[in-house]
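Engineer: One structure follows; several queries about it will come next.
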2 protein chains.
Amino acid sequence: MTKWYDNIVIKEVEKMENWLVKRAQITPNRVAVTMAHQDMTFAEVAQKANHIAGKISSLKDCNARVALIMTNNVAGYLIIMALQQLGKTIVFINRRLSVDEINYQLSDAGVTLLLTDDDYTQALQIKQQIRFSDLPDGEPIIPVTAFPDDFVTSVMYTSGTTSQPKGVMQTYKNHFYSAMGSAINLGLSAQDAWLAVVPIFHISGFSILMRSLIYGMRVVLVEKFDSQAINELLIHDGITTMSVVPVMLKQLLAALPDDVNYNSHFRAMLLGGGPTDLATLQKAQLHKLPVIQSYGMTETASQVVALDSADIVKKMQSVGKPLFPVSITIRDQDGQPADQGNIWIKSPTLTVGYLNKPQKLLQNMHDGWFDTEDFGYLDEDGFLYVQGRQGDMINSGGENIFPDEVESAYAKMPGLDDIVVIGVPDDVWGAVPVAIVSGTGLSSDSLRQFGREKLAHYKVPQSFYQAKYWHRTASGKVQRQQFKADLDALEILK
Amino acid sequence: MTKWYDNIVIKEVEKMENWLVKRAQITPNRVAVTMAHQDMTFAEVAQKANHIAGKISSLKDCNARVALIMTNNVAGYLIIMALQQLGKTIVFINRRLSVDEINYQLSDAGVTLLLTDDDYTQALQIKQQIRFSDLPDGEPIIPVTAFPDDFVTSVMYTSGTTSQPKGVMQTYKNHFYSAMGSAINLGLSAQDAWLAVVPIFHISGFSILMRSLIYGMRVVLVEKFDSQAINELLIHDGITTMSVVPVMLKQLLAALPDDVNYNSHFRAMLLGGGPTDLATLQKAQLHKLPVIQSYGMTETASQVVALDSADIVKKMQSVGKPLFPVSITIRDQDGQPADQGNIWIKSPTLTVGYLNKPQKLLQNMHDGWFDTEDFGYLDEDGFLYVQGRQGDMINSGGENIFPDEVESAYAKMPGLDDIVVIGVPDDVWGAVPVAIVSGTGLSSDSLRQFGREKLAHYKVPQSFYQAKYWHRTASGKVQRQQFKADLDALEILK
């Protein structure tokens, strides 16, 4: 018997045509990007990108990768498009980082050229540093023909809560499948427009630009988060989708008058970057605002799990179900299927590796599955609940305590501005939770009292410390290890 | 300098989870299929498919491929789902074929089992032939885990206008990219429903089922084409899309009262299978019916080029622009870029080969491009115009004549029912066009007169023959070579 694979003579095409060239061919007159009410079509973007690419290619010290420091504006957007037209890999640098941190990434990525809209003068260690406005003249280039599936178009350093930043490599295929998974979930229309105020140097922002090229969709760029100005756009512009983190959603809702809703085409407020509280979700519902909670990371080229707004009431605390191209399984520490445990993911959007650190990804790979090191469970209907980082879990007398859950319970306490929960060793229980807090009019007694009303008694922090600094990464993640290391320097709240 | 590809440690996942299993997980309660107003959800389809798969797997003579003869009904639909759950390749047999033709395909495909809703008794040469209703009992199976990218899920024999039928192999990746290209072009919504009356044993029909699994979309199955009944569905059911061939579109419009339009959600009448006439398109516009002309073939897993309804007025005769994952180039007989010539396609939807005939596909492949052997051109805006089969072109005194064009020009002639144009050798011009016609009240003079009003004089057929038979393939394609061979037996019209 002949097997079917004996007959395969054509391996499928492993590259698509250059996405921007394609868009300029098939939808030249559609708007690609809007900023401050100025529109630019795909044909115009392609033309401008080739012109800027010509300027960049006239520079001497430009190798296969180029570092980029930018904000969410048209100048930065066009530089990205230009680098893709040149076939360069873009190393996105988070502008909030310190000079030392940036130097580490520039060195690790082996770049010789940094394009920037900022002025770091001589502080950065790089051969050539050029401001966008200082690019020399150059002839427009002929863009690359193809966007190969396996080509790494973007490198983004994860902020690393415990270790050195790792450069996550994202291929065109990663971005294509990410865009497809999102479209299958959220739907797609030629009238769609996606507001991008989340940073483009993060995957949450950059993935919007890639979707724009793939879908032929308008991106509305917003440089600074101003809740009133953004609400105006969402009420009056035909925007259909926006990506937010919880704090943005809260501020937008706080600034929205009770009797005002977003435009009727608005379809999805895609919420990533951690859980949000019940009160915020309820307020969103009052405004008929379809919030889509989601779960994803730089390593998976943005969302891989999303909750449909229709399920919010029923599955309030869940991040939803895996997108169509994505599979999820829950495994224990031995890699065996478990009811509760580490979240493992299989996805065509998974990074092909960390730059210069091949072993780092392989450590977390098991038979094609990527161990996220996040802890969680699937309920009986297949909805995913993320409980926190595996390393953050506190095992107290056999009970598992997740700092995220304890912190969430305190979200509505009057006077409390911020709280971080960590585990500390304990002779009796093995470990117990303690909290570092800031706010006004707080006392250990009132905090303990509040916690006992909301939480199982073993989850209530044993001690409450007055915060001195907040250890967070550039993207806002809490660095619990740093808090642990510094705990001795803090005083217990009276 | 380290190159980016040195760092790739994870080759992207080359298989997705079983699509039906996935759908039953993420959208269990969405309707997968409707027939005669009866709905079945994805969870129900998955359960029933596993049950039927159990029956099939209890049969003895079942190898890697199973042949299927079916109509567009739920029984046939569930057999397809069951075969995919078992990991079998489905060999679709066109029920309109003769017994000899079917036997050729069964033998070529090396199948030992045929599932059918028909009764061919002993006429078919196959080890085991089972009617759906005669399947034995069997325990429900555990479905295959994955749908690998390169797995050939469907084989469809092209009807072969000049040579023996070839079994086109279609992989899951072909179908996935086809569905994605279509969604990017037509848009996507959770409320979508696609009416399938085009045969499921053709790619036009089967591709609807694959889109349904990928999108989580409802399929409305219709077994027989009845223009009044289908119009009723399109007016009252929430159907958003329907695939048609030109004759269906004509009949639907003819049966639609002037003051009635389809439901307001109806988004796309996807028109394939050849060009249609101006009058039909104009009538569609009167009814605000968005007709999307398209171009594709079994080898490209359905449409690869489509015309947006917004462009119909401006580009009436065009089949549109390549879908996002597809590239097109026009080449001359030497494979050089040309203004007018053969249409070459590069697409992730391209077949991986013809079953048992690896050379047949390689003959038409050039550096990753597939030569369709269709003749056409791209206009200055990148719209594709298909003029006909390369082999059908008549070179008359240095002028190219396409039979399709001549036939289209005669479409509105009163009394003419059908016309086929072929080229015959001519001492003076090399070749000249002649026509075979049927109709009432026709004369060679009136036909010549009509042609001279519509066409350049060299395109008007030199002679008009009275038809005796119509040589068409099972899918309705004209077999011009057969007409040429039989021309001597025909009489010239007075």
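The values are calculated or read from the model by the stated rules, or taken from the named source; none is laboratory data. Just so you know, these numbers come straight off a predicted model, no measurement behind them. Ideal geometry is used to build each Cβ from the backbone, glycine not excepted, and the neighbour counts take in all protein chains shown. Keep in mind that these areas ignore ligands, DNA and RNA; they rest on the heavy atoms of the full protein, side chains included. Shrake-Rupley method; radii C 1.70, N 1.55, O 1.52, S 1.80 Å.
Engineer: Of the residues that sit in region B:367-384 and are open to solvent by 30 Å² or more (accessible area, probe 1.4 Å) and touching a Lys or Arg at 6+ places or on another chain (Cβ under 8 Å), which one is nearest to the other protein chains (Cβ to nearest Cβ)? Lay out the reasoning, then the answer.
Structural biologist: Looking only at region B:367-384, we keep the residues that are open to solvent by 30 Å² or more (accessible area, probe 1.4 Å), and these are B:367-369, B:373, B:377-378, B:380-381.
Remaining after also requiring touching a Lys or Arg at 6+ places or on another chain (Cβ under 8 Å): B:368-369, B:373, B:381.
Details: B:G368: 6, B:W369: 10, B:E373: 16, B:D381: 8 Å.
Result: B:G368.
Engineer: Only one residue in B:L362, B:L289 is surrounded by 19 or more Cβ atoms within 10 Å (Cβ to Cβ) and not in a strand (DSSP E or B). Which one?
Structural biologist: Working: B:L362 fails: surrounded by 19 or more Cβ atoms within 10 Å (Cβ to Cβ).
Within the list B:L362, B:L289, the selection yields B:L289.
Engineer: So which residues in region B:130-186 are within 18 Å of B:I345 (Cβ to Cβ), among the hydrophobic types (A, V, I, L, M, F, W, C) and assigned to a helix (DSSP H, G or I)?
Structural biologist: In the first step, residues of region B:130-186 are kept if they are within 18 Å of B:I345 (Cβ to Cβ); the result is B:156, B:158, B:166, B:168-171, B:173-182, B:184-185.
Narrowing further to those that are among the hydrophobic types (A, V, I, L, M, F, W, C): B:156, B:168-169, B:176, B:179-180, B:184.
Answer for region B:130-186, where residues must be within 18 Å of B:I345 (Cβ to Cβ), among the hydrophobic types (A, V, I, L, M, F, W, C) and assigned to a helix (DSSP H, G or I): B:F176, B:A179, B:M180, B:I184.
Engineer: Can I ask one more? Does any residue of region B:325-346 turn out to be hydroxyl-bearing (S, T, Y), in contact with a strand residue (DSSP E or B) (Cβ under 8 Å, 6 or more places away or on another chain) and either farther than 19 Å from B:T153 by Cβ or more than 10 Å from every other protein chain (Cβ to nearest Cβ) (or both)? Walk me through it before giving the result.
Structural biologist: Going through region B:325-346, the residues hydroxyl-bearing (S, T, Y) turn out to be B:327, B:329.
Keeping just the survivors that are in contact with a strand residue (DSSP E or B) (Cβ under 8 Å, 6 or more places away or on another chain) gives B:327, B:329.
Within this subset, residues satisfying the condition of being either farther than 19 Å from B:T153 by Cβ or more than 10 Å from every other protein chain (Cβ to nearest Cβ) (or both) are B:327, B:329.
Yes.
Engineer: Report whether or not B:N364 is over 18 Å from A:A146 (Cα atoms), at pLDDT below 95 and within 7 Å of another protein chain (Cβ to nearest Cβ).
Structural biologist: Spelling it out, it is not the case that B:N364 is over 18 Å from A:A146 (Cα atoms), at pLDDT below 95 and within 7 Å of another protein chain (Cβ to nearest Cβ).
Engineer: Just checking, which of A:D311, A:D277 is farther than 20 Å from A:L378 by Cβ, acidic (D, E) and touching a residue at least 60 places away in the same chain (Cβ under 8 Å)? Steps first, please.
Structural biologist: Numbers: A:D311 fails: farther than 20 Å from A:L378 by Cβ.
Testing whether each residue is farther than 20 Å from A:L378 by Cβ, acidic (D, E) and touching a residue at least 60 places away in the same chain (Cβ under 8 Å) leaves just A:D277.
Engineer: Residues that are touching a Leu at 6+ places or on another chain (Cβ under 8 Å), in a helix (DSSP H, G or I) and under 27 Å from A:L278 (Cβ atoms): does region A:193-206 have at least one?
Structural biologist: no
Engineer: Every residue in region A:419-466 that is at pLDDT below 90 and within 17 Å of A:Q482 (Cα to Cα), please.
Structural biologist: A:P425
Table: residues versus (1) under 16 Å from the mean Cα position of the chain (by Cα); (2) facing chain A (nearest Cβ under 9 Å); (3) surrounded by fewer than 18 Cβ atoms within 10 Å (Cβ to Cβ).
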| position | (1), (2), (3) |
| --- | --- |
| B:I141 | no, no, no |
| B:D149 | no, yes, no |
| B:V155 | yes, yes, no |
| B:T158 | yes, no, no |
| B:P165 | yes, no, no |
| B:V168 | yes, no, no |
| B:F176 | no, yes, no |
| B:A183 | no, yes, no |
| B:L186 | no, yes, no |
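Engineer: Scan region B:78-101 and tell me whether some residue there is in contact (Cβ under 8 Å) with a residue 60 or more places away in the chain, more than 30 Å from B:A193 (Cβ to Cβ), assigned by TED's automatic domain parsing to the domain that holds B:L233 and assigned to a helix (DSSP H, G or I).
Structural biologist: yes
Every residue, every condition in (1) within 14 Å of chain B (Cβ to nearest Cβ); (2) open to solvent by 30 Å² or more (accessible area, probe 1.4 Å); (3) in contact with a Ser or Thr (Cβ under 8 Å, 6 or more places away or on another chain); (4) among the basic types (K, R), yes or no:
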| position | (1), (2), (3), (4) |
| --- | --- |
| A:I69 | no, no, yes, no |
| A:F92 | no, no, yes, no |
| A:T112 | yes, yes, no, no |
| A:D117 | no, yes, yes, no |
| A:V152 | yes, no, yes, no |
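Engineer: From the list B:A75, B:A53, which one is assigned to a helix (DSSP H, G or I), surrounded by fewer than 20 Cβ atoms within 10 Å (Cβ to Cβ) and either of a type in the set (K, R) or in the same structural domain as B:G205 (by TED's automatic domain parsing) (or both)? I'd like the intermediate steps shown before the answer.
Structural biologist: Numbers: B:A53 fails: surrounded by fewer than 20 Cβ atoms within 10 Å (Cβ to Cβ).
Just one listed residue meets the conditions, B:A75.
Engineer: While we're here: Suppose we keep only residues that are hydrophobic (A, V, I, L, M, F, W, C) and in contact with a Leu (Cβ under 6 Å, 6 or more places away or on another chain) within region B:228-248. Which one would you say is farthest from B:V33 (Cα to Cα)?
Structural biologist: Filtering first and then ranking leaves B:V244.
Engineer: Out of (1) closer than 27 Å to A:S207 by Cα; (2) without any contact (Cβ under 8 Å) to a residue 12 or more places away in the chain, what's the single condition that is false for A:Q336?
Structural biologist: (1)
Engineer: Please go through region A:305-334 and give me each residue that is open to solvent by less than 20 Å² (accessible area, probe 1.4 Å), among the hydrophobic types (A, V, I, L, M, F, W, C), assigned to a strand (DSSP E or B) and out of contact with any helix residue (DSSP H, G or I) (no Cβ under 7 Å at 6 or more places or on another chain), ordered by number.
Structural biologist: Passing the criteria: A:V305, A:I330.
Engineer: Could you list, in sequence order, the residues of region A:190-212 that are in contact with a strand residue (DSSP E or B) (Cβ under 8 Å, 6 or more places away or on another chain) and within 13 Å of chain B (Cβ to nearest Cβ)?
Structural biologist: A:D192, A:R211, A:S212
Engineer: Somewhere in region B:94-108, is a residue within 14 Å of another protein chain (Cβ to nearest Cβ) and not charged (D, E, K, R)?
Structural biologist: yes
Engineer: While we're looking at this one, here's another question. Suppose we keep only residues that are β-branched (V, I, T) and open to solvent by less than 40 Å² (accessible area, probe 1.4 Å) within region A:438-494. Which one would you say is nearest to the chain's Cα centre (by Cα)? Reasoning before the result, please.
Structural biologist: Here is the first cut: in region A:438-494, the residues β-branched (V, I, T) are A:440, A:460, A:473, A:478, A:492.
The next check asks that each one be open to solvent by less than 40 Å² (accessible area, probe 1.4 Å); those that pass are A:460, A:473, A:478.
Values: A:V460: 30, A:T473: 13, A:V478: 15 Å.
Here the answer is A:T473.
Engineer: In region B:198-241, which residues are in contact with a Gly (Cβ under 8 Å, 6 or more places away or on another chain) and closer than 20 Å to B:M40 by Cβ? Even if it seems obvious, please write down each step before you answer.
Structural biologist: We begin by selecting, within region B:198-241, every residue in contact with a Gly (Cβ under 8 Å, 6 or more places away or on another chain); these are B:198-200, B:203-204.
Across region B:198-241, the qualifying residue is only B:I200.
Engineer: Restricted to region B:214-242, and to residues that are of a type in the set (A, V, I, L, M, F, W, C) and part of a loop (DSSP other than H, G, I, E, B), which residue is farthest from the other protein chains (Cβ to nearest Cβ)? Let's see the steps before the verdict.
Structural biologist: To start, the set of residues in region B:214-242 that are of a type in the set (A, V, I, L, M, F, W, C) comprises B:214, B:217, B:219-222, B:225, B:229-230, B:233-235, B:239, B:242.
From what's left, part of a loop (DSSP other than H, G, I, E, B): B:217, B:222, B:225, B:239.
Numbers: B:M217: 10, B:V222: 25, B:F225: 30, B:I239: 17 Å.
Filtering first and then ranking leaves B:F225.
Engineer: Next question. Any idea how many residues of region A:1-45 are farther than 21 Å from A:A193 by Cβ, open to solvent by less than 30 Å² (accessible area, probe 1.4 Å) and modelled with pLDDT of 95 or more?
Structural biologist: 1
Engineer: Scan B:N342, B:N356 and give me the residue that is open to solvent by less than 10 Å² (accessible area, probe 1.4 Å) and either assigned to a loop (DSSP other than H, G, I, E, B) or under 24 Å from A:A24 (Cα atoms) (or both).
Structural biologist: Of the residues listed, the single one that is open to solvent by less than 10 Å² (accessible area, probe 1.4 Å) and either assigned to a loop (DSSP other than H, G, I, E, B) or under 24 Å from A:A24 (Cα atoms) (or both) is B:N342.
Engineer: Also: For B:P246, are the conditions met, namely being open to solvent by 10 Å² or more (accessible area, probe 1.4 Å), under 20 Å from the mean Cα position of the chain (by Cα) and within 28 Å of A:L186 (Cβ to Cβ)? I'd like the intermediate steps shown before the answer.
Structural biologist: Values: open to solvent by 10 Å² or more (accessible area, probe 1.4 Å): yes; under 20 Å from the mean Cα position of the chain (by Cα): yes; within 28 Å of A:L186 (Cβ to Cβ): no.
Taking the combined requirement at face value, the residue does not satisfy it.
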